[in-house]
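Any read-out appearing in this document is the output of simple, stated calculations on the displayed coordinates, not a laboratory observation. Predicted, not measured: the structure shown is a model, and the values here were computed from it. Every residue, glycine as well, gets a Cβ built from its backbone with ideal geometry; the counts of neighbours run over all protein chains shown.
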Amino acid sequence: MFQLSTTTVVLLLFGFYGLTFLMALRIGAKKENVDGYMVANGAIGFGMSAASMTATWIWAASFYAAASSGYKYGLSGALHYGFWGALMILFIYPFGKRFRELAPQAHTLAEIMHARHGRSSQMILAGSNIVGSIISLMVNFTAAGALVAVLSPLSFIHGVLIAGFGVLSYTLWSGFRSSVMTDFGQLMAMILAAVIIIPMIFFTLGGPQLFTEGMPRLNLEQASFFSKTAFLEQGAPFFVAVLAYAIGNQTIAQRLFAVREDLIKPTFITATVGYGAIVIGLGMLGFLALLAGVQPMDGDLNNLIPQMAATYLPPFAVGLLFIMVIGSLSSTADSDLAALSALVMTDIYGKNLARGRPNPTTMLWVGRLTMITATLIGVIFASMKLDILSMLIFVGALWGAIVFPVIASLFWNRVTNTAFTSAVAVAFLMFVVTRFELVSLHGAMALFFELLATLGGGVVIGLMAFGFFGRTAGLALGIVATLVLAPFAIGHLRDYAVLLSSLTAYGASAVVCTGVSLLSNERFDFERIGERVVAFQHSDNNESNPEEKEINACPVSL
Amino acid sequence: MSSFALTAYVLIWPVLATMVLTVLCIGLVRDIRTARRTGND
């Protein structure tokens, strides 16, 4: 298989990270504002924020998994990966508008939970966010190592180390601001590469003639646009996770708090379309590989994209693909670093260790030390070549346990801290029991979990409808969805442990959260959230002293 | 599905991505103009 030379790869990597570092330097301030370090100025424009949301949500695994899905499930495979992934961005924005309305100066969603319920709910959400971001960081560093190992003579560990320290170098000083600033350039590189690579491979394989020759290779399910197998094995578990990934991911929350409030809707709709177009487009490479009869190297579907590029593209286009994958993993890794620093700065240091009275200078260094520590953890674990992506899929399903309690807490004034924590604990337990089949899924026990999962399906649909159309539509569609799902789920869902466990988490958390809340007579005043969630630093160094910024625009000149 | 429809199905995504890139570039230019006009970062 074709490989880029060591010199070419080193030049590409150092060129990419060098240019990114220079972009980040343009916004560096001698004294960064702690709020700016976490959520920028809270009024980022449409172009920057939409590009940042798109680039952040596209990571290396998006390309590999979409292509694997296209190869495995045929015609509808790439859609069942990219479409539902895109909806994760779309369905969170109505709730994001509520987050901003309640707490305009928030830095993390867990911080809002602290104001709403107190420490235990806050730490449940912050903890799940931290675990998700650390695993995501490991996946991205692993992808860098794998790409370098496949497309160059350099080793896996070289790729991991260069990506890890490359991303840290440009994110460390200005945090979230660096991440957003560099996302635009990284996304442009990704789109330009995708726009060149997809048609190039398609026409190299024979263009429209490929369908005439290749369609007979597909089985009935692969040739169907409405494949039941593709929906049940790829689409449905992903659809169920739409709200879970969005709520469980601080990188999305951070952008909801950073974009200008009136631009949340256009920003997230554009990011939805951008993500879908790029990821589904690259997923088509898997479908083309299936049509062409390509066998994945070593039987590993993750090798499909590098293999297709190395086999059918000229060297310059292989270099483009290399930059595209490095850009995708870097834009997500820098967002994970910024998310982790915000979580530790706000939820561990600011709200707990400093008890709401943090020292801005100390807080800033807490954020930077978090980034350094997270990078080291990411690099070390990535070097172990664990099956980290499976871990993230597991955690993503687990996030289903927190979706209903989080959303209900911000709309319904009767939800209590006890309701929140008990709902998450019970849902977590139910998820683990069904996911690992710790009880025999037969007879009455299977029926119990299927009923709970059916209700969970109604909760998912109901929450999605509620976000866009309000309470009445949400309740109505939730009930209709439950009734429609029941005959399909009862007696059948026990054979799909992944789907059963995910839906059970939603159902259990909704039942417990609602039940415990109704037992209480407490009424919460939502005005108190805005009073409790405030900026950590009132004097903005960037604005109050523009001369200092001009003189010290470069942090390395300190 | 005909070969034409399948070709469109494969190639529509890079076209859509190009349109998104155009929208984002226009958005960026407007962001820069707004920042210059208001004097904000």
Revision key, fill the gap. Of the convex hull drawn through the C-alpha atoms of region A:233-371, the volume per residue in Å³ is 183
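What is the sum of charges around A:Ala419, taking Lys and Arg as +1, Asp and Glu as -1, for the other residues whose C-beta is under 13 Å from the C-beta of A:Ala419? Let's see the in-between values first.
Values: positive: A:Arg116, A:Arg414; negative: A:Glu522.
Net charge in that neighbourhood comes out at +1.
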**Study point:** Note, ³J(HN,Hα) from phi for region A:515-530, Karplus 6.51, -1.76, 1.60, rounded to Hz, x at Gly and Pro
**Key:** x, 5, 5, 5, 6, 9, 9, 5, 10, 9, 8, 5, 4, 5, 5, x
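Suppose we flag GluC sites (Glu not before Pro) only when DSSP calls them loop and at most 14 other Cβ atoms lie within 10 Å. Which is the longest uninterrupted stretch of chain A?
Values: sites that count: A:Glu437, A:Glu522.
Result for the longest clean stretch: A:1-436.
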Point to revise | Per-q log10 I(q)/I(0), chain B, q = 0.32 Å⁻¹ (Debye; single scatterer per alpha-carbon; no solvent) | key: -0.94
Review point. How far is the Cα center of region A:166-193 from the Cα center of region A:295-320, in Å?
Key: 25
Point to revise | Stokes-Einstein diffusion coefficient of region A:314-379, Kirkwood radius over Cα pairs, 20 °C, 1.002 mPa s, in µm²/s | key: 158
Study note, to complete from the structure: Heads up, region A:221-295 by the C-alpha gyration tensor (a ≥ b ≥ c square roots of eigenvalues; a/c under 1.5 rounded, else a/b over b/c prolate, else oblate) looks prolate
Revision key, fill the gap. Sorted by chain and then number, the residues having a modelled amide H within less than 5 Å of the amide H of A:Ile44, at least 5 places away or on another chain, are A:Val259, A:Arg260
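What is the order of A:His158, A:His442, A:His114, A:His107, fewest Cβ neighbours within 10 Å to most? Each step should come with its number before you reach the end.
Details: A:His158 19, A:His442 9, A:His114 27, A:His107 30.
Listed from fewest to most nearby Cβ atoms, that is A:His442, A:His158, A:His114, A:His107.
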Exercise for review: Determine the calculated [θ] at 222 nm for chain A from helices alone, applying -39500 (n - 2.57) to every DSSP H run no shorter than 4 residues and normalising by the residue count; nearest 500 deg cm²/dmol.
Suggested key: -24500 deg cm²/dmol
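For peptide A:278-286, what's the mean number of Cβ atoms from other chains within 10 Å of each residue's Cβ? Could the numbers behind the result be given before it?
Working: counts 6, 2, 6, 8, 3, 1, 6, 1, 0.
Counting Cβ atoms of other protein chains within 10 Å of each residue's Cβ and averaging gives 4.
From the Cα gyration tensor of region A:207-246, with a ≥ b ≥ c the square roots of its eigenvalues, which class applies: rounded if a/c is under 1.5, or else prolate if a/b is larger than b/c, or else oblate? Present the calculation step by step, with values, prior to reporting the outcome.
Details: a/c = 5.16, a/b = 2.44, b/c = 2.11.
Note, shape of region A:207-246 comes out prolate.
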Study note, to complete from the structure: At the level of C-alpha centres, the distance separating region A:393-471 and region A:52-109, in angstrom, is 20
Revision key, fill the gap. For the protein assembly as shown, one quarter of the surface area of the C-alpha convex hull, expressed in nm², comes to 26.4
Practice item. Binning at 10 Å from 0, report for region A:389-495 what percent of all alpha-carbon pair distances ends up in each bin. Key: 14, 38, 38, 10
Practice item. Report, in whole Å, the centroid distance computed from the Cα atoms of region A:125-139 and region A:505-522. Key: 26
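With Cβ to Cβ distances under 13 Å as the rule, what net charge do the other residues near A:Leu137 carry (K, R +1; D, E -1)?
Computed value for this residue: -2.
Kindly identify region A:316-458 as rounded, prolate or oblate by the Cα gyration tensor criterion: order the square roots of the eigenvalues as a ≥ b ≥ c, call it rounded if a/c is under 1.5, otherwise compare a/b with b/c, prolate if a/b is larger, else oblate.
On the way: a/c = 2.39, a/b = 1.29, b/c = 1.85.
Oblate.
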Revision key, fill the gap. Karplus-derived 3J(HN,Hα) from phi for region A:482-497 (6.51 cos²θ - 1.76 cosθ + 1.60, θ = phi - 60°), whole Hz, x at Gly and Pro, runs 4, 5, 5, 6, 3, x, 7, 8, 5, x, 10, 5, 4, 7, 10, 4
Review point. Rule-of-thumb check for region A:1-108: C-alpha Rg over 2.2 N^0.38 Å?
Key: 1.47
Point to revise | Dipole of chain A, positive end: most advanced residue of A:Ala481, A:Pro104, A:Thr142 [Cβ charges, Cα centre] | key: A:Pro104
Exercise for review: Take each of the peptides B:24-34, A:248-258, A:51-61, average the number of other beta-carbon atoms within 10 Å over its residues, and list them starting from the highest.
Suggested key: A:51-61, A:248-258, B:24-34
Point to revise | Alpha-carbon Debye profile of region A:177-308, log10 I(q)/I(0) at 0.11, 0.17, 0.18 Å⁻¹ | key: -0.57, -1.14, -1.21
